[in-house]
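Notes follow once the structure below has been shown.
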Amino acid sequence: MHFRERFPILESKTYLASHSLGAVPRETAASLDRYYREWAERGILAWDEGWWKILSTFGNRIADILHAPRGSVVPMENVTRGFAAVASSLDWSTKSGGKSRNKIVLTSLEFITSYPFWQGWAEMVGARIVQVESDDGIGVPTEKLLAAIDDETLLVATSHVYFRSGAIQDLRAVARHAHAKGAYVLGDGYQAAGIVPMNLRDLELDFYVGGSHKWLCGGPGAGFLYVCDGVANKLRPKYSGWFGIANPFEYDPATRFAPAEGAMRFMAGTPAVPALYAAIEGVSTVAELGLEKIRAHSITLTKSIVEEADARKFAVKTPRDPHARSGMVCIDFPQAKVATEALVRAGVIVDYRPNCGIRVSPHFYNGKDDLARFWSTLDGFLRSAK
Ligand SMILES: Cc1ncc(COP(=O)(O)O)c(C=O)c1O
């Protein structure tokens, strides 16, 4: 376990829900206070003295965690907003060999925000959605996904880690196949960033979105978008605004607006500055510890959860190979929903989802003692429920 003393919630709770909302470090209070004082004492000077800078500090810290080039990651309020930036930058009227190139490929295991967004987008631009079904609710065989990507596909928009099961998807294979067919790939990394080590350059993706409120311990409102260097300057997002242009301070409506360089052109209006102040300490803590250490610790703990679940003959709805899953283990049994309520009442914070069961997610600040408390509380509940 690492940096436990930095996380106040661990003084009173057994906190095992980092797949949903990572714990907040104590230092975040000072960062938010800094934001307030800059505003209260400096007024508009705050922009030049800190608020502009937090945009690139945040983006570059995320870039370091993802092993992406500095400058290739910009803040987005959330993943859905990142989808909009990307979707608006593509040409949905392209033809390929006489056919329209307007297919969006996704799977049946994306986070729920994907469906309303991409369905709405498809309706607006006349695109078609192809949804590749999971057979087991845990993952989608890579071959099955690749078979759906053809030369009518414009975009593959899929998760790096499925939120429902924690299964890691082979996005590199998806990117290679999609590029051979002339399609773009957008990875949703919300459930990967901060828990699965990665090198975004090696994944060969065009776009990658995510956010801070899970494994990055940064709270809501501080999402991000990565755009591959070779792709960004070729695209021109239509969902644009003054933060996405090269010359915002000319304030001249007659100007032909030139897009900003690189990923910056995917920004639009004023970003959520307080959310970035809230996020920076959590994100920096993850960066300080490093993903290799976080992953090694996580694998030790998640392995032990699977062993204990097997010993109790619970269903494990997460890949059994630790290298094929993130930091979450889903365990299911008939009373899982009421057991979750009892655990939470006893101060053991986990959550429940239908078709997943109890989702248990230790992070770098948890240790074996936390898992021992989880199991003893659960066993106690199951004995009393007999
Ligand atoms: C995989 C994944 N994508 C996206 C989101 C959230 O989307 P948004 O940032 O648009 O709220 C979540 C969970 O909150 C998620 O697990």
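Derived scalar couplings between HN and Hα for region 58-63 equal 4, x, 6, 5, 5, 4 Hz in order, rounded to whole Hz, by the Karplus curve 6.51 cos²θ - 1.76 cosθ + 1.60 (θ = phi - 60°), x for Gly and Pro. The modelled label-to-label distance between A246 and K337, using points 7 Å beyond Cα along the C-beta direction, is 5.7 nm. Please list, in order, the residues from region 268-291 whose amide nitrogen is less than 19 Å from a point placed 7 Å along the Cα→Cβ vector of E5. From region 268-291, the list is 282, 285-286, 288-289. Put a dot 7 Å past the Cα of E41, heading toward its Cβ, do the same for A296, and the two dots end up 4.2 nm apart.
Label point of R345 set 7 angstrom out along Cα-Cβ; within region 363-386, amide nitrogens under 18 Å from it belong to 374-386. Calculated FRET efficiency, R201 to K386, Cβ-Cβ distance, R0 = 56 Å: about 0.55 to the nearest 0.05. Dipole orientation for region 320-386: of the candidates S384, P322, I358, S384 has the Cα lying most toward the positive pole (charges on Cβ; Lys, Arg +1; Asp, Glu -1).
Report the FRET efficiency, 1/(1 + (r/R0)^6), for A324 and R256, where r is their Cβ-Cβ distance and R0 is 51 Å, rounded to 0.05. If you can, show how the numbers build up before the last one.
Numbers: r = 50 Å, r/R0 = 0.98.
Computed FRET efficiency for A324 and R256: 0.55.
Radius of gyration (Cα atoms) of region 30-287, expressed as a multiple of 2.2 N^0.38 Å: 1.02. Close amide H partners of S100, meaning residues 5 or more places away or on another chain with modelled amide H under 5 Å apart, do not exist here. The H on the amide N of Q169, modeled in the peptide plane, is under 5 Å from the matching H of V161, Y162, each at least 5 residues off or on a different chain. Using alpha carbons only, how many degrees (0 to 90, rounded to 10) separate the axis of helix 171-180 from the longest principal axis of the chain? Tilt relative to the chain: about 30 degrees.
Between region 1-68 and region 324-339, how many Å separate their Cα centres? About 30 Å separates the Cα centre of region 1-68 from the one of region 324-339. Each part reduced to its alpha carbon centroid, region 230-247 and region 79-130 end up 19 Å apart. Residue-wise HN-Hα couplings along region 212-226, as the Karplus relation 6.51 cos²θ - 1.76 cosθ + 1.60 with θ = phi - 60° gives them from phi, are 9, 7, 10, 5, 8, 6, x, x, x, x, 10, x, 8, 9, 9 Hz; Gly and Pro carry x.
With the highest mean first, a sort of the peptides 345-357, 81-93, 276-288 on other beta-carbon atoms found within 10 angstrom per residue produces 276-288, 81-93, 345-357. Which angle between 0 and 90 degrees, to the nearest 10, do you get for helix 291-311 versus the longest principal axis of the chain when only C-alpha atoms count? Roughly 40 degrees, rounded to the nearest 10. When +1 charges are put on Lys and Arg Cβ atoms and -1 charges on Asp and Glu Cβ atoms, the dipole computed for the chain relative to its Cα centre reaches about 520 debye.
Quick one: order H160, H177 by neighbouring beta-carbon count within 10 Å, fewest to most.
On the way: H160 24, H177 20.
Ascending number of Cβ neighbours within 10 Å: H177, H160.
For region 1-146, the relative contact order comes to 12 percent (Cα pairs under 8 Å, sequence separation of at least 6). Extension gain for H179 to S96 (0.36 nm times residue separation, less C-alpha to C-alpha distance): 28.5 nm. Extending 7 Å from Cα along the Cβ direction at L21 and again at D369 yields two label points whose distance is 2.4 nm.
Across region 75-90, rounded Karplus estimates of 3J(HN,Hα) from the backbone phi angles (6.51 cos²θ - 1.76 cosθ + 1.60, θ = phi - 60°) give x, 9, 5, 6, 5, 4, 5, x, 4, 4, 4, 5, 4, 6, 9, 9 Hz, Gly and Pro being marked x.
Once backbone amide H atoms are built at 1.01 Å from N, I245 has A260 as its partners under 5 Å, excluding neighbours fewer than 5 places away on the same chain. Taking the longest Cα principal axis of the chain as reference, the axis of helix 273-289 is set at about 60 degrees.
Values quoted throughout were computed directly from the atomic coordinates according to the rules given, and no laboratory measurement underlies them. From a predicted model like this one, the values you see are computed outputs, not experimental measurements. Cβ sites come from the backbone with ideal geometry, for glycine too, and all protein chains shown count toward neighbours.
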